[in-house]
Amino acid sequence: MARFKLTIEYDGSRYAGWQIQRNEKTIQGAFFDACKKVFGEKTKFDFYGSGRTDAGVHALEQIAHLEVDTKLPLDRIRMSLNDNLPYDINVLKVENAHPKFHARFDAKERSYVYLISKRRSAFGKSYIWWVKDRLNIQVMRSAARLLEGKHDFQSFTERDVESDSTLVHLTKVDIIETENLIAIHIMGSHFLWKMVRRIVGVLVEIGRKKLPVTDITYFLSGYTNEPARYTAPSSGLYLEHVYYEGEKINREMTEIPGVLRLK
């Protein structure tokens, strides 16, 4: 059996998330179907992603590992998978991986981008969150700085059987503003279920001046379900990058998807 590292991009609008689910269309499920067509119905294979993304969440660079018995060259694997994947899922790269490489457990850091539009767009509903209220960016940045470092984010997640601990180290929470977009760039050791969307929702409420900046300290001091009330829509969220041992970490936001470069 050979093991490969796959770099994948996808538009999550039509999917019930990454993880395979019965009677639901998922990213992982689409790969299972494609692998059966490429390698044969009876061929055994394992396919795991670096982590789950929720329904409607997108990925600029998701990482997965594929273990399968094949002699196909790397580029042929990539092209064959793409030929059998839906139009909104694309394999960017296929690389040989160490036999023990694991896309999820070997990841050292992850980054997400959340996009907020300051104006109504005819094209962006599935890819942005349009916030009609004027947001105070400076106040949001002050709140974002309080989230950096190692904290207990139990108030920013649902009870998740996959998470043994709710301690997360956020290395960067940055807010970039253009004429019509606000991008929230979040980097950390790992992320809990719905954590990024609840962070974004709380920051927006602070930007609206409906919550004080000091509520960040309160939410991090113990458990409260209040951030769940402010969970941001999944449409504006993008998994940007997953970092592994030996890979140089770029703390700057790499790109905003072209369709969202609103004038």
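What follows draws every value from the coordinates through simple rules; no lab data is involved. Keep in mind that this is a model prediction, so the values were computed, not measured. No Cβ is skipped: glycine too gets one built from the backbone with ideal geometry, and neighbour counts run over all protein chains shown.
The string of couplings for region 111-123 from the Karplus curve (6.51, -1.76, 1.60, θ = phi - 60°) is 9, 10, 10, 10, 10, 10, 9, 8, 9, 5, 10, 6, 10 Hz, one whole number per residue in order, with x for Gly and Pro. For the chain, the longest principal axis of the Cα atoms and the long axis of helix 27-39 meet at an angle of about 10 degrees.
Most tightly packed first, judged by the mean number of other beta-carbon atoms within 10 Å of their residues, the peptides 195-201, 107-113 read 195-201, 107-113.
What's the FRET efficiency of Ile249 with Asn225 using the Cβ-Cβ distance as r and R₀ = 22 Å, to the nearest 0.05? It comes to 0.10. Where only DSSP H runs of four or more residues are counted, the chain gives -6500 deg cm²/dmol as its mean residue ellipticity at 222 nm, each run worth -39500 (n - 2.57).
Structural descriptor for the chain: relative contact order 23 percent, calculated from alpha carbon pairs under 8 angstrom and at least 6 residues apart.
Of the cross-linked pairs Lys150/Lys209; Lys36/Lys248; Lys118/Lys194; Lys5/Lys194, those separated by over 30 Å at the C-alpha level are Lys36/Lys248. A straight chain from Ala2 to Thr43 at 0.36 nm per residue would run longer than the Cα-Cα distance by 13.5 nm.
Full extension of the chain between Ala122 and Phe32 gives 29.0 nm of extra length, using 0.36 nm per residue less the Cα-Cα distance. In straight-distance terms, cross-link reach from Lys25 covers every one of the aspartates and glutamates whose alpha-carbon lies under 15 Å from its own, apart from those fewer than eight places away in the same chain; here that gives Asp11, Asp33, Asp54, Asp88. Using the Cβ-Cβ distance between Arg22 and Ala55 with R0 set to 25 Å, the FRET efficiency from 1/(1 + (r/R0)^6) comes to roughly 0.95. In this simple spin-label approximation, Lys100 and Lys71 carry label points 7 Å from Cα along the Cα→Cβ vector, and these lie 2.9 nm apart.
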